[in-house]
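Here is the structure we will look at, set down as structure tokens.
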Amino acid sequence: MRFFLIDRITTWEPGLLAEGVKNVALSEDFFDDHFPRRPVMPGVLILEGMAQLGGLLLETSLQEQYNKSAKAVVTMLERTKFRTMIKPGDSLRYRTEVMAINEAGGKIKATAHCEGKPVTSTEMVFGFKYLDDPLLDAKRKQLMDVWRT
């Protein structure tokens, strides 16, 4: 199963920042087991949503700054904090900011908020995995077109 934990990208400035939204529905598969009768979004999936948005931002930034295409892969989390739980019906607002980027990888600062209150914050280090896969590139473009409309 593939989890897409971004519903829409609301701000997109390659090399600088990206913002996105995830509307959390009771129908999400992970609520079946986490936790029965007390559904809570797993913290690791909140991090995954931030990593998806931040990874896309770094990949696009790499393309624009170095004219190279690569897949961004999380290698390290730093200063990660969880402040509150997310439940069905909540709307997460992700914000990712580029801290550093070069041809080997990059680093972002990421936060998640719900109703203006901080939920999670972290810094993520990514490495770039260079692939020659036109199908992957086409799928990525298709997703970006959906998320940015």
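A short reminder: the numbers here are calculations on the coordinates, not readings from a lab. Not measured: the values here are computed from a predicted model. Glycine also receives a Cβ, built like all others from the backbone with ideal geometry; neighbour counts cover every protein chain displayed.
Specify the residue that is surrounded by the fewest Cβ atoms within 10 Å (Cβ to Cβ); the eligible residues are those in the range 38-58 that are closer than 12 Å to Ile108 by Cα and touching a strand residue (DSSP E or B) at 6+ places or on another chain (Cβ under 6 Å).
Residues of the range 38-58 closer than 12 Å to Ile108 by Cα: 50-58.
Restricting the remaining residues to those that are touching a strand residue (DSSP E or B) at 6+ places or on another chain (Cβ under 6 Å) gives 50-51, 53-55, 57-58.
On the way: Met50: 30, Ala51: 23, Leu53: 27, Gly54: 29, Gly55: 21, Leu57: 29, Leu58: 27.
The selected residue is Gly55.
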Q: Evaluate the following for Phe35: is it surrounded by 13 or more Cβ atoms within 10 Å (Cβ to Cβ) and either in a strand (DSSP E or B) or not hydroxyl-bearing (Ser, Thr, Tyr) (or both)?
A: no
Q: For residues that are surrounded by fewer than 16 Cβ atoms within 10 Å (Cβ to Cβ) and within 30 Å of Ala25 (Cβ to Cβ), tally how many sit in the range 62-78.
A: 2
Q | Checklist (1) part of a loop (DSSP other than H, G, I, E, B); (2) within 18 Å of the chain's Cα centre (by Cα); (3) aromatic (Phe, Trp, Tyr) applied to Phe30, failing item | A | (1)
Q. Within the bounds of the range 139-148, is there any residue that is within 19 Å of Leu5 (Cα to Cα) and in a loop (DSSP other than H, G, I, E, B)?
A. yes
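Under the condition of being assigned to a loop (DSSP other than H, G, I, E, B) and touching a residue at least 24 places away in the same chain (Cβ under 8 Å), which residue from the range 116-138 is farthest from Lys68 (Cα to Cα)? Steps first, please.
Narrowing the range 116-138 to residues assigned to a loop (DSSP other than H, G, I, E, B): 116, 130-133.
From what's left, touching a residue at least 24 places away in the same chain (Cβ under 8 Å): 130-131.
Working: Tyr130: 9, Leu131: 10 Å.
In this case the residue turns out to be Leu131.
Check whether at least one residue in the range 73-90 is in a helix (DSSP H, G or I) and within 19 Å of Lys129 (Cβ to Cβ), and report yes or no.
Going residue by residue through the range 73-90, those that are in a helix (DSSP H, G or I) are none.
Scanning the range 73-90 turns up no residue that is in a helix (DSSP H, G or I) and within 19 Å of Lys129 (Cβ to Cβ).
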**Q.** Complete set of residues in the range 79-137 that are surrounded by 20 or more Cβ atoms within 10 Å (Cβ to Cβ) and among the basic types (Lys, Arg)
**A.** Arg95
